[in-house]
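Encoded as structure tokens, the structure appears first; notes follow it.
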Amino acid sequence: MLFAKAVSLSLMLTELQIMFTRRRTWAMLAAIAMIPIVLALAVALSSERLAPGEGPPFLDRVTQNGLFTGFTAMLLAMPLFLPLTISVVSGDTIAGEAGQGTLRYLLIAPVSRFRLLVVKYLGTLAFTIAGAFTLMIAGALIGAILFPVGPVTLLSGDVISVGEAFWRMALVASYTTVSMTGMLAIGLFISTLTTIPVGAMTGVLITSGVSQILDNLPQFEAIHDWLFTHYWLDFADILRQPIELSSMGSNVLLQLGYVVVFGSLAYGRLASKDILS
Amino acid sequence: MPTGSPWAIETRDLTKTFAGHDAVSELSLQVPRGSVFGFLGPNGCGKTTTIRMLLGLAEATAGEITLLGYQIPKEREIALPRVGALVEGPAFYPYLSGRANLLRMDSADRHSDVATRKSRADSALERVGLTNAAEKKAGQYSLGMKQRLGLANALLKPRDLLILDEPTNGLDPQGTREVRNLIRQLASEGITIFLSSHLLVEIEQVCSHAAVMNAGKLLAQGSLPQLRAQGATRVVLQVDDIPRAREVLARAGVVDVVESGATLRAEVPHDFDTPALTAALVGKKVGVTEIRLERPSLEDYFVELTGEGFDVVR
């Protein structure tokens, strides 16, 4: 199977081991979990009742149903915090190995440069999944502790059961992961350009910032649909009945395009590069 | 393994150009199988760049490389599992244990045997004396321990060739001796060892062959006796009658005599007949206090080749 051949299971396992034995990874996941916790505490402790529509979207609903905490926290984390943690792991992929010198030892083990890129990319994808689910799970837990939990009234006015609501949370976390795949590929490419991980991380974060700014400027409307951040907040469509699929489908295609283009650029760069670090 | 070539490493006119200047220039190396081959040159002369090209890490600007009979970089994935290497110092994941680092590196080669991975890592650690530090994080290792872990990484699999770039760097005298013993032991098992160093004494102690490089160019290569023979043999005389001694020397075909005090010194053939010269001097009533041949040393030869600034440690 092409996939198994490209990945090499042993190397993938050590990649995950490295990702999840690093204190940095756990610190970032803990920080992600803090977002819904701080949000829920702030709402619970404030005496003022929010009028519907005030503050971030859904914020007024959190007090009525704790299950909304995760959704609200995701809306807050999407523009900056999640991309920040993702730029750390994806900027580190190749630049981190190069910077500490292990890249040369991996390559003479030998591993093909293509396989190494695939394994590195899947490692960052694993972190993204962990981050998105951490946020939703922490949100559901703190929401259940501080607020009433019951059937959820969706944006479309329909009501779904608590069990169904958990499925929607998993969908939101999955959609978020898919939304980040393009940025992960951009990060992988930028990471092949330098041996200084911090430089690559900063570069990746800047691309997400620039993309979001362009997306907010009407003068750039022609390219809005092509920006990798364009559909990031569209997970709200998962909170409708039936689930609105059109923008999600466009997003999947768009992210796939970014993965192909920047994955190829990363390979082109790494394959032709002299490893002098 | 292709057996046609007698060379473990062969390069033809290998050249690497960085920003318009040749870091390595038309290098043609021939490393015999089974040899311990010293690759000697001052720091920054192109040794590490050459090693990077041998291992397919950097692409040659021109020229060809054959490693164990395989073309590099085209067939690197076939050749490299048989090659262990230490390149420009060891490098590890500081937050993983020494043992976990070895397992990680071994897993990078998808053809390496999973069933024996742990036992191979353990025996490599034992071989370099790191068994007791196996579970310690590599970031807490001393420089010498890191160097040993780097050697353990090179010994993870049965190898035909070891390429070791300055393997005793950072080691204390005890560690240096252990590493040199390890190299001799590995060589006795039939592994070809390509050892780069800027230390002449290291090459003289462990190597059967050597190449000398300076400023990107190969200056000489061959077995150590061959290289020694390249240097000049000199006759050294202390006599009481210098003019007459010069006449005798001239008649014996020895010219370019250098005089300092009562001592005369001159370059002569390696098979120079000292007793005949002594007899001739005595026949001419020249009082001879001392007469001896100075055999060429590697050091003299290398200094002759590489000139000033060469880091010779004696």
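What follows draws every value from the coordinates through simple rules; no lab data is involved. Just so you know, these numbers come straight off a predicted model, no measurement behind them. Cβ placement follows ideal geometry from the backbone for every residue including glycine, while neighbour counts extend to all protein chains displayed.
For the set B:LYS47/B:LYS217; A:LYS273/B:LYS47; B:LYS16/B:LYS74; B:LYS118/B:LYS146; B:LYS16/B:LYS146; B:LYS16/B:LYS47, the pairs lying more than 21 angstrom apart at their alpha carbons are B:LYS16/B:LYS146.
Think of the protein assembly as shown as having a plus end and a minus end, set by charges on the Cβ of Lys, Arg, Asp and Glu; of A:VAL118, A:ALA185, B:PHE18, A:VAL118 sits farthest toward the positive end of this dipole. Take each peptide in A:176-187, B:291-302, B:65-76, count the other Cβ atoms within 10 Å of every residue, and average; sorted highest first, the result is A:176-187, B:65-76, B:291-302.
Taking the stretch B:93-192 on its own, what percent of its Cα-Cα pair distances exceed 22 Å? Considering the stretch B:93-192, 26 percent of its Cα-Cα pairs are separated by more than 22 Å. Rg and Dmax over the alpha-carbon atoms of the stretch A:77-222 stand at 19.0, 59 Å. Summary of packing: across the peptides B:264-277, B:199-212, B:40-53, the per-residue average of other C-beta atoms within 10 Å ranks them, highest first, as B:40-53, B:199-212, B:264-277. Comparing B:LEU199, B:ALA138, A:TRP167 along the charge dipole axis of the protein assembly as shown, the residue lying farthest to the positive side is B:ALA138, per the Cβ-charge model.
Can you compute the charge dipole magnitude of the stretch A:128-277 about its Cα centre, using +1 on each Lys and Arg Cβ and -1 on each Asp and Glu Cβ, nothing else charged? Give it in debye, rounded to the nearest 20. Write out the running numbers ahead of the final one.
Numbers: 4 positive and 9 negative charges, 87 e Å.
Roughly 420 debye, rounded to the nearest 20.
Diffusion coefficient of the stretch A:112-172 by Stokes-Einstein, Kirkwood radius over Cα pairs, 37 °C, 0.692 mPa s: 236 µm²/s.
Counting only DSSP beta bridges with both residues in chain B, tell me the antiparallel percent, nearest 5. Show your work: numbers first, answer last.
Numbers: 37 of 55 bridges.
Antiparallel: roughly 65 percent of the beta bridges in chain B.
Summing Cβ point charges (Lys, Arg +1; Asp, Glu -1) relative to the Cα centre of chain B gives a dipole of roughly 940 debye.
Looking at the square roots a ≥ b ≥ c of the eigenvalues of the Cα gyration tensor of the stretch A:153-248, which shape do they give, rounded for a/c under 1.5, prolate if a/b is larger than b/c, or oblate? The shape class here is oblate.
Using a simple charge model, +1 on the beta-carbon of Lys and Arg, -1 on the beta-carbon of Asp and Glu, nothing else, what dipole does the protein assembly as shown show about its Cα centre, in debye to the nearest 20? Let's see the in-between values first.
Numbers: 50 positive and 53 negative charges, 241 e Å.
That gives the protein assembly as shown a dipole magnitude of about 1160 debye.
Within 10 Å of the Cβ of each residue in B:52-60, the mean number of Cβ atoms contributed by other protein chains is 4. Kirkwood radius for the protein assembly as shown, taken over all pairs of different Cα atoms as the inverse mean of 1/r, rounds to 28.6 Å. For chain A, the membrane-span-like helices by this rule, meaning whole DSSP H stretches whose C-alpha atoms cover at least 15 Å of axis and whose Kyte-Doolittle mean is -1.0 or above, are A:9-21, A:23-45, A:81-100, A:113-146, A:162-191, A:197-216, A:246-272; this says nothing about an actual membrane.
Is there a simple number for the mean count of other chain Cβ atoms within 10 Å of the Cβ of residues in B:75-85, and what is it? Working shown, then result.
Working: counts 0, 4, 4, 1, 1, 5, 3, 0, 2, 1, 4.
Neighbouring Cβ atoms belonging to other protein chains average 2 per residue here.
Taking every pair of Cα atoms in the stretch A:197-277, average 1/r, invert it to obtain the Kirkwood radius, and report Rg/Rh to two decimals. So for the stretch A:197-277, dividing Rg by the Kirkwood Rh gives 1.09.
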